[in-house]
Structure formats: structure tokens, C-alpha cells
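Participant: This structure is in C-alpha cells; I'll ask about it shortly.
The values are calculated or read from the model by the stated rules, or taken from the named source; none is laboratory data. No experiment lies behind these values; they were computed from the predicted model shown. So basically every Cβ, Gly included, is an ideal-geometry build from the backbone, and we count neighbours across all protein chains shown.
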Number of protein chains: 2
Amino acid sequence: MGTLKSLLANSTSVKSGLFKSSLAMGIVACISLNAPGQQAYPHHPLDGLSTAEYWTVHDVLAQSGHLTESTFVGSLLLHEPVKDVVFAWHPGDAIPREADVVLTSEGKTFEARVDINSRKLEFYKEIPGVQAPISEAELNAISEIAIKDPRVLAALKVRGITDLSTVACEPIPLTFRVFPEEEGHRIGYGDCTDQHGAYHAWGRIIEGLYILADFGQQKILKVIDTGALPMPREDINFEEADARARPGTTPLTVSQPQGPAYTISNTGDISWQNWHFRFRLDPRIGTVINQVSYQDGDRLRPVMYEGSLSEMYVPYMEKDAGWSWRSFLDAGEFLYGGLIKPLGADDCPERAEFFTGYAPSSKGQPLRRENLGCLFERVTDNPAWRHFENGNSGRMSRELVLRSAAVLGNYDYLLDWIFQQDGTIRVAVGATGVVETKGVKETHVEDKMGVGPAEPSYGTLVAPNLMAVNHDHYFSFRLDLDVDGAKNSFMVDRMVPQTISTNNRTSIWAVQPSIAKTEKEGMINLDYKRPAMLTFINPSVHGKLGYATGYEIMPAATAVPIVSPDDASQRVGGFSLHQMWVTPYEPEERYAAGTYVSSSPGMQGLPEWTKANRNIEDTDIVAWYTLGFHHIVRLEDWPVMPTLWHDFLIRPSNFFDQNPVLTLPHQP
Amino acid sequence: MGTLKSLLANSTSVKSGLFKSSLAMGIVACISLNAPGQQAYPHHPLDGLSTAEYWTVHDVLAQSGHLTESTFVGSLLLHEPVKDVVFAWHPGDAIPREADVVLTSEGKTFEARVDINSRKLEFYKEIPGVQAPISEAELNAISEIAIKDPRVLAALKVRGITDLSTVACEPIPLTFRVFPEEEGHRIGYGDCTDQHGAYHAWGRIIEGLYILADFGQQKILKVIDTGALPMPREDINFEEADARARPGTTPLTVSQPQGPAYTISNTGDISWQNWHFRFRLDPRIGTVINQVSYQDGDRLRPVMYEGSLSEMYVPYMEKDAGWSWRSFLDAGEFLYGGLIKPLGADDCPERAEFFTGYAPSSKGQPLRRENLGCLFERVTDNPAWRHFENGNSGRMSRELVLRSAAVLGNYDYLLDWIFQQDGTIRVAVGATGVVETKGVKETHVEDKMGVGPAEPSYGTLVAPNLMAVNHDHYFSFRLDLDVDGAKNSFMVDRMVPQTISTNNRTSIWAVQPSIAKTEKEGMINLDYKRPAMLTFINPSVHGKLGYATGYEIMPAATAVPIVSPDDASQRVGGFSLHQMWVTPYEPEERYAAGTYVSSSPGMQGLPEWTKANRNIEDTDIVAWYTLGFHHIVRLEDWPVMPTLWHDFLIRPSNFFDQNPVLTLPHQP
């Protein structure tokens, strides 16, 4: 996340070929999971809010006098019914519908809940000491004030910048307590860019000029000028790069002439290869997968009640005063049209089906966003299994991909939920977009070995006068597994070295299983020297050999924080201190860093909730897995970064009695 | 690796549809990279041995009296010319050709080298204290002796087994010094299986009966009977599983009507999307990629001189006397028709091109093996990059996959070299096949939580009386990177916590780069708390901003040994003690656990070579990366395991001056 200028301008434009090509194949190109259509909408208690529902919420708030001119909506989300209500609900029943709204007015924060069916304001209350997510309107307002501030104008003039038509000054929220001014105030900090000569402002930072602003009072508090640096001038118009086939490229085409092999029912149930699930597109956390189950013979077996991203923590690693505050909690701190942004024709294959979603405007009105999600089957060209024994046997595989893209200003993250035929869900994050850059005086690396502009270094010089700053990415996923039912336990199969003395062998490892009884026992720190298999089991359901049925969360490449846990930034990303947390299901515990992540004292969310060290054995539990990576930028990551994928698996472990893909067809 | 019965019987059969379907598309379906064709073969000093060359080697050895009736060939491989010779060679020049042969006769081991062009035996010498890789003929011979041994017959009779037609008793090599009998002898140890009621013997172990044999003397030394256990009877005929589409499955087809977008020249040079490389199919280590370079504008830039698997270490973690010896070095200990086995129609897509290779027979004659490798382009359905900024931009990607499959009796490993358009090579290992099982008395897990048959446990009960034993997999890859030339350095960018005090922030990390000067400095132990970026740079070649050009080896999910480094088994897999080693290029240093891995004292290969702690700075260096994973078996892994993928990246890092895929076409 960096500056936000023009992120949403023309945001609904998509390449015109997108619909045409899909439609030409006879596939409904754009299904609105969240919009009222032929059938009454919503269809299910976990569906996203419809246009009509947004307006009901808006009108109830307006009529109760809570939407004044100075009020901004920071969040407007479906308030999920508790699980028991959802379990008791059946199609045809009245659908419970509520919305949670966070509002801000003159620096104060308010929470409201609206019962949609009865058009009733259930509560409206001030929440002291917290800050609502920032809205587009607030950012625009402060930008307009900043650019007129005489101190800013003077600093720009010193730098020779007098044409203000291409300059944007954008204080953005602070996640941790950087300045004393944050105490009790809605404070932003930021810098200016000059888009002159480009069509976007990434990499056009006016370094050395920083603005402290009060969003609540709509006032510039301080303008700090640490001295001018040269404007980086390298071409950054990457979107104008030629699009040309490399020599010898021939068409490579995937077709599905009989249409997709998944089905989406009239009421939004998705079925594919024994999988069943629903999803909605949430403005804060993107795709929320619900009621994932697997048809195993006659049994429709629950696997996961809900799975979604919960928060993202992206701390930058620069000590300069203009930079050390940069630490983002990208899901919770910005409303800004919703976390996920529309997908384009280069994001999903032509055969994909696209889904429309809604996000609230700064005034709580619905913004319709086409193409917020896409769904497609993928050819893996990989065997689901194989064995060579007097010749070959095996089965090829395919998979189902549900994709969205979180866009936080500069950075883009592809967020994929990939359903495999073998009962595994692969969750993949593809980092791409534009890395965040700082203006520097260096134009060239002078060190003999060319290892960096300085040692130790805080970034990589990606262009003259432009350094991409070292940073981390942490993604917390909230995974409400319900393996064969809601009451589960968390089993840690620790691999423990054991001394033996047979056959001249002296050391092996053995599996020491344990059930985590409390939240503290459920906190897992990954360590190559202390490996463990992490499984969510149903202690009441056993397979044919007696094992409790289970689903394993299998980490892959990841990273853990290496800075001090007491650091003010690290504290707001406190969920990253453990790679796995397990909590008892508590409907209001949804966001790993807490609901309010601006100017936070830190250690909110998971670190706070788990202080109670609650029981997690044989009860309804929720897994929180954090995927991370450190990022030292390469020149190859500039001006836009080749997609770097990370993933983890949610996979059956003694859930089936044997390999569930034995009987796949040879044609995948 | 387990018992080997019938691994190669009918091994050349492939589904007849394989060729037909490819040919119907007008693609040459089967190209023999290693066989003489229309053009004179070999074409290049690094090509595999041709049929004629095998026979030359065979005849030279025979004529010199070294192929007696009691002689078995354990290895017969191309002896690569040293790099300087290859660099100096040009098409049209005479091609230097030599072969290295390992022979065994009456328990003694011999090495020979033959100059093929001059048909000259360069040397033939006994190598004391080592054992040659085991050949099929030796295993067959000892099996025939074992099954007639009265002690074996008595032990079988006690178990009620009198029909010997389905029984196989197969002592196999020992990697570490398990028994005193191994001192100076060629010793095998193993058990018997009874295939009755199945068409293969995996999971039909006659537990409790173990046979110690001397391959050299062709003699059974000991028969150990620790008592009968019930024969597991569960259906294991997985290859007979129905192949049926799941409900709703519709065709999903990839086509490339204009043929592949790669080219293979008459002399075996492969070009695709700026990549250029060659490969051969080696009997010991499988696919060997050579002279990988990238066309960057006018410059054809070297990246990797050679890349291949080097060794596999698979230790089992069982303390019972019949099991604690099981520890495999799967590349080095078996000749057995070559490490890689033919691919079938379920291993590669229809559009793939297949390659023929050769392996030596137990008598040094060429065995022609069709379909040892396949090559195809893959649709990724993933953007090479994307960014949302006033609408979307991005480019879709495709990739090139070169696949082979190592088959070690029970286990199958798909070994993929995946070339990406962005200059990255992804090396992926897909583990599938049949997990190794032990007969046990348990038929059911009795523990209340169903967490295992015993605590601590050594495996998973996958069927009544059948336990899949815990184990590890370690794959050492030898990567002779030559980034912009042969002289490279190994740069470790260590991320180091740093205390700061700006803006209320107290702790960040910074990059502390260092050049590893010696082999000891080049040994890397992965540790989440001490992360580093691992890059091979050319200190003499700098990009436009001054950085030394480089390629990074980026680990992904992996595991490290947790047993004692002094354990006799762990010692033979000593290369796994560090995840990265860097050595100066030394032509004879090819196998991470040493050339001879049977009855080894351990700490051969990398641990031995690096004792000299040689200089690795600004010289021709070789990277050795070990990918590992621990394996606690799931029920889902039985009777054949769904493919579990692990990978790592070899990717440009400041090699290009900017993102090399900016200009890809929108149609990938």
C-alpha cells in the first residue's frame, strides 16, 4: 500500500473483449452473486448485501439522523448470523439479515447495526479510542486541503514544482502510534507525487516533503521538509509496453465446448467434482467461502464453514523519518471501494465466469463492481497420482479456481481458492503490481561488488534516484474448519528425535501426537528443527481403521517476523507472531489485527482475544494461518512485478479411508 | 524405495494411444535425443551415449577381458568432458567422447574409462572398500538363491506359505554399515512378499522374516525370523480402479493446432521464449539440463551450465530390527534400468513430445527406453504480472515443462524443469506412487482420540495389519550456475534485525550482504529466524544501475533433518545437513553423497569434499540445493499417493535491468 491517487477513477472499465468472448462461447459471462436477479435475493443468510439492502441500511441511518454531511462511512458489511442460526435455517425460511456499519464524524467513531428485514436501527454508539477505516471521500478532502496549504506550496516551489495540476498530496492513515497527535485524533501522514510525464504516479515521489493531517478536523497539522531530492525520471509507463508475441509463439488454447463442469444453482450453491460451497464478495476481506463440504458416497461431509482472508500486514523496513511509519494493515484500514478490485481480461482465462459485487461508498451507498471474482476450471497437466509397475498407471487432474484480486494502491495480490479433486484446497496468493519506492540521491550503485547502495541496505535502487524499500507481507487467513461437524480438536503431530540402538542406527524421529487443549497450546511457531503436522480432527468421527477424521493445514514457503515483538509496528501486526492460532468460534472475532487498525496500540485481535487462553478442545474452533514473505526487491520487480506465488494447503488427513482420486477418468 | 520385484518386466509397454494421438496432430511424437537418427549422433559433447557408443564401450571392455560371466555392470555413463573442453568445442569439431563404467565381480569393485572415438580402455582399476550400484541381474540372482534356501522355506512354511510361485525374497543393498558382515563384502538385506491375490506385491509383506545375503559370493548369510505376523489382505489393486468421470464432468481440452512454440534443432538445441538449452537423459540422475541461456536483446546470456538431480536420500524412521536399516540413496545405489522410467499417457498431456533414452543392462548393453522424458507447453491461466490503475493491465503467461519420472520400486517422483517466460526456472518434484509399508499386528487404532496405533508412533495404519512407516525425502540438486559466464560468487543477503528510534519505531530489519569466500561460508542452514536471499552473482558483469548480475535460488516448502548428525543413516545422507552448499567446479564432484553409496561409512560427497574449505569467490562455482520433506502418511496416501508437489525457484535477481515480461502479448 502506498498512495492512493486515482485508484478508483474509471474503475469499472474492463476490456470490452471480456464479455464478448465469453458470451460467444454460450456461457453466461457475468453472474451477480450479490445482486437481485430473477430470483429473490438474497438466497441465503451468508449472501452479500444486495443493492436494496444497502439502501435500506442507508435509509435507516439517514432517517435516524446519523448520516450528516460530516459523516463518512468507513465500513458497511453483512453482519453474519451466528452459526447456530445458519445451521437451523432452511431454504424457504425467512432469511435473517443484519448489517454492521462503522461511521466517522469529526474524528469520532460510531458503530451501528441495522436489522434489514425490520428496517430497524438496533444500536448506534460511539466507540471511543478507535478510528474507522478511511474512506475515499476523506482522503480526497484532505488532499484538496493539502495541495492548497502555503507550507506545501512553498516546499513544492523550492523543488521547482509550480504546475500543481499533476501533483497529489495524500496523507493516509497510520496503523501504529507514530506521532503524539494521534492520541484521540484521526490522523494521517503522507507525501506528494507529481505525475508529470507519466499517466500514473508510482515512482514519482516528491521525497523529503511529508504532511501530517487531521482527517477529523480536516486540517493540515504539520508540513515537514527534510530537503529536496531529485525527482526520479525513468519511464514508468509500463502499461504502454508493447504486447507482442515472442518469436515462434503459436496459439495454445483451452476450450470447454460443452461448458463448464461446475454448476451454480439458482440460489448460488456451487458444485464441482464432489465439492459443494458458496461464496460472497466482502468489501473488507474479499472472497468469503462458506459451507464447504465434500460428497463422499452417500455422505455430504462438512469440511469448512467459512474461509477467508482476515488481514494483511505489510511493514516497510526503512529507518528514515519519512518512511519508518509505513506499515499497512491493508484489509482493515482502508474502505476505499472495497479490498478487491475488478479483474480484467488478463487476469482470468476467456472461459472464466465473472461475478459482480458491491462495496459501500463513503456515504454508505452501494457501488456496483463487475468482475470482482472469477471462476474457472484449469487443466493442470499433472497426474493426480501415478505409478509405474509393469507399465504405467495414473490419472490426470483438473482443478477449480475461484480468483479475486486485492489492490492496495500500488500492490496487487491475486487471491485464489483452488479446489482439487483429491479433497485438497490450495490457497494461493500471487503478489504483483508496483513495489513501493522512495526517492534517493543515488543514481547508481557504487560499491565494487554492486551488492547495494549501502550496507546494511534498506532497499534496492530500481531506477536512478528511486529505491524500492525492503518490506514484509503477512496474510492472515481465518479458516473456520468444521471437519465432519462443528466440534473439532487441533492435533499437533510433533516429529520428535528419538535415540535408538538397533542395527547400528542411533537416531530416528517418531510422532508425538498431542491435542491442544487451550489457545496457548494452539499457538504454533514454525521451526525447521521442530516440525509438526497440524491437523483439525473430529474426535467423535472415526474412519474405518479408527482414526479421527481430519483436515491438515500444510504450510509451504513462508516467513516469520524477525524484528522485535515490542516494536510499535510489529505490535499492530501482532497476529504474525505465530503462524497458527486456534480460537474457539466467537462470531465477533473476525479480523486478526482487530476491527479497528488505525492508530492502534497494537496486539489487538488474536493477541488480545487469546489472553483468556480459552479451551479449544472438542469444541467449535477456528484456525488462523499466517502466510508471509520477506521482500528484497529485484530489478526484475520494476516497474511492475512478475507475479510471485505463495500458497498453503488445506488437505484431508485420515478424512477419507483411502485415496479419493483412485477412480478419476484418464481424460481429466 | 523398497523391494524391486518386477519393476522392469514389460517396462517398455506404453498405452498405444500415446503415439497415435500425438501423431494425429502432426507432431513428431517421439524424438530420440540419444539415438542416432538421420543426422550423425551424438551432436554435442554433452549428449547421452548412443547405442553404437554403448556397444563400443561394451566391446572394448569385453575385448580387454573385463566382462567375465561373474561381472556385472553397476554403472555406465557418459564421462562429461571438462567445461573448458566443451566451451572450446564448436559444431563441426570432433566430439570428445568417453564413458565411465563401474563393474563388480565377486564382491570387488572396478572402475573403467573408455575413450569411445579411439576405442581405447583408458584405465581399469579396482576401487577397494566401495560397492558398485546394484544391478538387476545381481538382485535376480540372489532372489533365486533366497527362495530356495531351506531356512527361508521353513520360515515360509511356519506362516502357511507353501505356494512359492507368488513369493519373492529380495535382499537389497544397504546404504550404511548396519551389519559387521558388510565390512569388505557386497551385502544385501531384505524381506519377502507374497503377491497371491494381487498383481503386485506392495503391501503384501511377509513381515518378521529377513534375509542377509552376500551379492558377491551369491550366498545367503543369515535368515532372521522374529515371528510371523498376519498377512495384510486389503485390496491393493489400485490400477484396476474404475476410471470414470465424476458427475457433470465436461471436456476441458488444450490444443495447439499450429504445433508447439518451442523448436528442437537437428542437433538437439531447444529454444523457447528466449530460453535456449539442451538436455540428456542420464541413467543415474535422470534429466541433465545443459547450457541454459537466455536471449536478452542482442546478448545470449549464460545462466546455468548444468542442472540435474544429484542424489536422493530417503531414511525411514522405524526402530524395529527389520526396519531400522531402511535408508535409501535412490540415485546412487541402484542401476536397475536407470533412475527414470518410461512415462505413460497419464503423465504428460497429449500434445507433449516424448524422448527416448538408454540405460545400461547388467552386462553393459544398451536398453532402449522410449518415453523417458516429455516436453510440453502449459497454459498457466495466471498473469505474468498485473496491475489495476484506472482499469486493468497485465499479461497472461505460459510455461515450458520438461518432465521425467524417477521410479524407485514403490515410489514415483515426477521431476519437472519448468521454464517461465520471466527468466525463472521452477524445479518441481511430485511425490506419488506407493508408500512403503510394514506388517503389524494391529488391525484397528484403539486409542480414544484415534491419533495413532501407539505413542510415539512410527507410522500410520493404512489397512488392517499394514502400517505405512514415517520417513523423510531429501533431493539434492546440482546446479552449476554460470551467470553471465563461469566465474561467479555466492552472495548471501542476510536480513538482520536493527534497532532504530524514529517515529516511535524501534526495530526493523536491514540487508547485510556478504560474499561467501569459502565452502564453509557457503553452507546455508535455513532458519525462519535468520532469513537470507541466496544469489549467485557475476562480480564482473554489472547492470545499468551497477548491480552485479545474478540468479537467486529461492527455496520454498522444505524440511531439514532432525535426527542426530552422527546417526549412521544420517551420515550417508550427510548432504542434507545443509540446505545449500557451494563448491568450486570440480568435474569429478557430481554426486552429493559420493559415487559409491552402498555400505558407506557416511559423510561422503559434499561433506568430504568441502573439508578442504576451498575458495568459492569469483571462480567457477556449483550450487547444491537440497529440497526435503517429512512424510507422516495419511490414509489418503494409500494404496497409491495423490501427487504431493514441492519446488524451488532459480530466478533472475538483478540479472535483467527491469521486468523481462513487460512486453508479453495479451494472448499468452
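Participant: Would you mind listing the strands (runs of 3 or more DSSP E) fully within region A:424-505 where at least 1 residues are more than 21 Å from B:I508 (Cα to Cα) and away from chain B (no Cβ under 11 Å)?
Facilitator: Output list reads A:425-433, A:471-481, A:487-502.
Participant: From the list B:E306, B:E318, which residue is within 13 Å of chain A (Cβ to nearest Cβ), buried (at least 20 other Cβ atoms within 10 Å of the Cβ) and in contact (Cβ under 8 Å) with a residue 24 or more places away in the chain? Let's see the steps before the verdict.
Facilitator: Values: B:E306 fails: within 13 Å of chain A (Cβ to nearest Cβ).
Unique residue meeting the criteria: B:E318.
Participant: Please go through region A:569-599 and give me each residue that is among the aromatic types (F, W, Y) and either within 20 Å of the chain's Cα centre (by Cα) or surrounded by 21 or more Cβ atoms within 10 Å (Cβ to Cβ) (or both), ordered by number.
Facilitator: Selection gives A:F575, A:W581, A:Y591, A:Y596.
Participant: Return the only residue of A:L414, A:L400, A:L367 being part of a strand (DSSP E or B), among the aliphatic types (A, V, I, L, M) and within 17 Å of the chain's Cα centre (by Cα).
Facilitator: Being part of a strand (DSSP E or B), among the aliphatic types (A, V, I, L, M) and within 17 Å of the chain's Cα centre (by Cα) holds for just one of A:L414, A:L400, A:L367, which is A:L414.
Participant: Restricting to region B:495-520, name every residue that is surrounded by fewer than 18 Cβ atoms within 10 Å (Cβ to Cβ) and more than 20 Å from A:W325 (Cβ to Cβ).
Facilitator: Selection gives B:V496, B:Q512, B:S514, B:K517, B:T518, B:K520.
Participant: Pick from region A:441-456 the residues that are surrounded by 21 or more Cβ atoms within 10 Å (Cβ to Cβ) and under 34 Å from the mean Cα position of the chain (by Cα): which of them is modelled with the lowest pLDDT? Working first, answer last.
Facilitator: Within region A:441-456, the first condition is being surrounded by 21 or more Cβ atoms within 10 Å (Cβ to Cβ), and the residues that meet it are A:445, A:450-453.
Narrowing further to those that are under 34 Å from the mean Cα position of the chain (by Cα): A:451-453.
Details: A:V451: 55, A:G452: 54, A:P453: 51.
Checked region A:441-456; the qualifying residue modelled with the lowest pLDDT is A:P453.
Participant: Suppose the filter is buried (at least 22 other Cβ atoms within 10 Å of the Cβ), of a type in the set (D, E, K, R) and assigned to a strand (DSSP E or B); does B:R284 pass it?
Facilitator: So B:R284 does not fit the description; no.
Participant: Could we say that B:R386 is farther than 26 Å from A:T253 by Cβ, within 13 Å of another protein chain (Cβ to nearest Cβ) and basic (K, R) here? Step through it out loud before you land on a result.
Facilitator: Details: farther than 26 Å from A:T253 by Cβ: no; within 13 Å of another protein chain (Cβ to nearest Cβ): yes; basic (K, R): yes.
Taking the combined requirement at face value, the residue does not satisfy it.
Participant: Examine region B:601-621 for a residue that is over 21 Å from B:G459 (Cα atoms), among the hydroxyl-bearing types (S, T, Y) and either assigned to a strand (DSSP E or B) or within 13 Å of another protein chain (Cβ to nearest Cβ) (or both), and state whether such a residue exists.
Facilitator: If we filter region B:601-621 for residues that are over 21 Å from B:G459 (Cα atoms), which is where we start, we get B:601-621.
Filter once more, keeping what is among the hydroxyl-bearing types (S, T, Y): B:610, B:619.
Now restrict to residues that are either assigned to a strand (DSSP E or B) or within 13 Å of another protein chain (Cβ to nearest Cβ) (or both): B:619.
Among the residues of region B:601-621, at least one is over 21 Å from B:G459 (Cα atoms), among the hydroxyl-bearing types (S, T, Y) and either assigned to a strand (DSSP E or B) or within 13 Å of another protein chain (Cβ to nearest Cβ) (or both), which makes the answer yes.
Participant: Considering each residue of region B:59-86, count those that are in contact (Cβ under 8 Å) with a residue 24 or more places away in the chain and in a helix (DSSP H, G or I), and give that number.
Facilitator: Step one: filter region B:59-86 for residues in contact (Cβ under 8 Å) with a residue 24 or more places away in the chain, giving B:59-61, B:64, B:66-68, B:70-83, B:85-86.
Remaining after also requiring in a helix (DSSP H, G or I): B:59-61, B:83, B:85-86.
Number of matching residues: 6.
Participant: Still on this structure, I have one more. Assuming A:I95 fulfils every condition listed in (1) within 26 Å of A:L339 (Cα to Cα); (2) out of contact with any strand residue (DSSP E or B) (no Cβ under 9 Å at 6 or more places or on another chain); (3) surrounded by 18 or more Cβ atoms within 10 Å (Cβ to Cβ) apart from one, which condition is it?
Facilitator: (1)
Rundown of residues vs (1) farther than 21 Å from A:S327 by Cβ; (2) in contact (Cβ under 8 Å) with a residue 24 or more places away in the chain, yes/no style:
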| position | (1), (2) |
| --- | --- |
| A:I172 | no, yes |
| A:F176 | no, yes |
| A:H196 | yes, yes |
| A:H200 | yes, yes |
| A:L221 | no, yes |
| A:R233 | yes, yes |
| A:A243 | yes, no |
| A:T250 | yes, no |
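Participant: Exactly one condition in (1) more than 7 Å from chain A (Cβ to nearest Cβ); (2) surrounded by fewer than 24 Cβ atoms within 10 Å (Cβ to Cβ) is not met by B:R398; state its number.
Facilitator: Result: B:R398 passes all but (1).
Participant: A further question follows. Suppose we filter region A:160-204 for residues that are surrounded by 21 or more Cβ atoms within 10 Å (Cβ to Cβ) and either of a type in the set (F, W, Y) or over 33 Å from the mean Cα position of the chain (by Cα) (or both); how many remain?
Facilitator: Qualifying residue count, region A:160-204: 3.
Participant: Restricting attention to region B:99-142, and to residues there that are of a type in the set (A, V, I, L, M, F, W, C), buried (at least 17 other Cβ atoms within 10 Å of the Cβ) and within 23 Å of the chain's Cα centre (by Cα), which single residue is nearest to B:Y41 (Cα to Cα)?
Facilitator: B:A99
Participant: Can you tell me how many residues in region A:144-181 are in a helix (DSSP H, G or I), under 28 Å from A:G602 (Cβ atoms) and touching a Lys or Arg at 6+ places or on another chain (Cβ under 9 Å)?
Facilitator: Final tally of qualifying residues: 1.
Participant: Determine which member of the set B:V622, B:V640 is over 22 Å from B:W417 (Cα atoms) and in contact with a Lys or Arg (Cβ under 9 Å, 6 or more places away or on another chain).
Facilitator: The conditions single out B:V640.
Participant: Quickly run through region B:335-362 and pick out the residues that are more than 14 Å from chain A (Cβ to nearest Cβ) and not in a strand (DSSP E or B).
Facilitator: B:L335, B:S361, B:S362
Participant: On to the next question. Given the condition within 12 Å of chain B (Cβ to nearest Cβ), of a type outside the set (S, T, Y) and buried (at least 22 other Cβ atoms within 10 Å of the Cβ), answer yes or no: does some residue in region A:363-371 qualify?
Facilitator: Taking every residue of region A:363-371 in turn, at least one turns out to be within 12 Å of chain B (Cβ to nearest Cβ), of a type outside the set (S, T, Y) and buried (at least 22 other Cβ atoms within 10 Å of the Cβ).
Participant: Oh, and also: Which members of region A:521-541 meet the condition of being assigned to a loop (DSSP other than H, G, I, E, B), surrounded by 16 or more Cβ atoms within 10 Å (Cβ to Cβ) and touching a residue at least 12 places away in the same chain (Cβ under 8 Å)?
Facilitator: Scanning region A:521-541 gives A:E521, A:G522, A:M523, A:L526, A:P531.
Participant: So if I check each of B:L635, B:L606, which one is assigned by TED's automatic domain parsing to the domain that holds B:G485, in contact with a Phe, Trp or Tyr (Cβ under 9 Å, 6 or more places away or on another chain), under 30 Å from A:S393 (Cβ atoms) and in contact (Cβ under 8 Å) with a residue 24 or more places away in the chain?
Facilitator: That would be B:L635, the only listed residue that is assigned by TED's automatic domain parsing to the domain that holds B:G485, in contact with a Phe, Trp or Tyr (Cβ under 9 Å, 6 or more places away or on another chain), under 30 Å from A:S393 (Cβ atoms) and in contact (Cβ under 8 Å) with a residue 24 or more places away in the chain.
Participant: Restricting attention to region A:343-364, which residues are over 24 Å from B:M396 (Cα atoms) and either assigned by TED's automatic domain parsing to the domain that holds A:V57 or not small (G, A, S) (or both)?
Facilitator: A:Y358, A:P360, A:K363, listed by residue number.
Participant: Okay, moving on. Name the residues in region A:287-303 that are assigned to a strand (DSSP E or B) and under 20 Å from A:V661 (Cα atoms), would you? Please lay out each step first, then the result.
Facilitator: We begin by selecting, within region A:287-303, every residue assigned to a strand (DSSP E or B); these are A:287-296, A:299-303.
Selection gives A:V292, A:S293, A:Y294, A:Q295, A:D296, A:R299, A:L300, A:R301, A:P302, A:V303.
Participant: Hey, A:V73 hits all of (1) crowded, with 17+ Cβ neighbours inside 10 Å; (2) outside the structural domain of A:G48 (by TED's automatic domain parsing) but one; which does it fall short on?
Facilitator: Evaluating A:V73 over (1) crowded, with 17+ Cβ neighbours inside 10 Å; (2) outside the structural domain of A:G48 (by TED's automatic domain parsing) leaves (2) as the failure.
Participant: Determine whether region B:206-216 contains at least one residue that is surrounded by fewer than 17 Cβ atoms within 10 Å (Cβ to Cβ) and more than 28 Å from the chain's Cα centre (by Cα).
Facilitator: no
Participant: Looking at region B:179-202, which of its residues are in contact with a Leu (Cβ under 9 Å, 6 or more places away or on another chain) and within 11 Å of chain A (Cβ to nearest Cβ)?
Facilitator: Answer for region B:179-202, where residues must be in contact with a Leu (Cβ under 9 Å, 6 or more places away or on another chain) and within 11 Å of chain A (Cβ to nearest Cβ): B:F179, B:E182, B:Y189.
Participant: What are the residues in region A:542-553 that are outside any loop (DSSP other than H, G, I, E, B) and surrounded by fewer than 20 Cβ atoms within 10 Å (Cβ to Cβ), if any?
Facilitator: Residue satisfying the conditions is A:H542 alone.
Participant: Can you find, within region A:556-568, the residue that is farthest from the other protein chains (Cβ to nearest Cβ) among those that are more than 19 Å from the chain's Cα centre (by Cα) and either of a type in the set (S, T, N, Q) or part of a loop (DSSP other than H, G, I, E, B) (or both)? Talk me through it step by step, then tell me what you get.
Facilitator: As a first pass, look at region A:556-568 and keep what is more than 19 Å from the chain's Cα centre (by Cα): A:562-568.
Next, from what is left, pick out any that are either of a type in the set (S, T, N, Q) or part of a loop (DSSP other than H, G, I, E, B) (or both): A:562-567.
Working: A:I562: 5, A:V563: 4, A:S564: 4, A:P565: 9, A:D566: 7, A:D567: 4 Å.
For region A:556-568, the residue satisfying everything is A:P565.
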